[in-house]
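The values are calculated or read from the model by the stated rules, or taken from the named source; none is laboratory data. Because the structure is a prediction, the values reported are computed rather than measured. Backbone-built Cβ (ideal geometry, glycine too); neighbour counts: all protein chains shown.
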Amino acid sequence: MHPGPGPLALVGSGEYLAVMAGVEGALIEGRPPRYVQIPTAAAPEGAERLQYWLDLGAAQAERLGVEQVPVVIRDRDERCLILFACIFPIASAEIHLA
């Protein structure tokens, strides 16, 4: 396994499709077998469309033989909460448990 942060791809078209498996597989290669999916643009379209994109991501993770890790961010408040949790994991865990 490669230590430290890994690569990040900001994909605006074709994400989660079989045609992207080679690119996405290369991003994961040598790293923990996790496929992190952040389908933020789908959130304003409603729960049904968001689920559609999560299902596409699950199918791609299965094709890649890795674990799907969906990070659902529906709005600015959720984005701030997730960023806070990433920057201050112990403090956010205490807040969540409180």
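Which ones in segment 51-72 are free of Cβ contacts under 8 Å to residues at least 24 places away in the same chain and closer than 20 Å to residue 12 by Cβ? The answer is 52, 54, 55. With respect to residue 60, is the statement that it is touching a Leu at 6+ places or on another chain (Cβ under 8 Å) and either among the aliphatic types (A, V, I, L, M) or modelled with pLDDT of 85 or more (or both) true? So residue 60 fits the description; yes. Note on segment 45-62: among residues that are crowded, with 16+ Cβ neighbours inside 10 Å and not aliphatic (A, V, I, L, M), the one that is farthest from residue 31 (Cα to Cα) is 53. In segment 41-52 there is no residue that is in contact with an Asp or Glu (Cβ under 6 Å, 6 or more places away or on another chain) and either at pLDDT 90 or above or under 22 Å from residue 78 (Cβ atoms) (or both). Scanning segment 19-32 for residues that are on the phi < 0 side of the Ramachandran plot and either surrounded by 11 or more Cβ atoms within 10 Å (Cβ to Cβ) or part of a loop (DSSP other than H, G, I, E, B) (or both) yields 20, 21, 23, 24, 25, 26, 27, 28, 29, 31, 32. Within segment 33-71, the set of residues being assigned to a strand (DSSP E or B) and among the β-branched types (Val, Ile, Thr) comprises 36, 69. Going residue by residue through segment 15-37, is there one that turns out to be among the polar types (S, T, N, Q) and modelled with pLDDT of 90 or more? For segment 15-37, residues among the polar types (S, T, N, Q) and modelled with pLDDT of 90 or more: absent.
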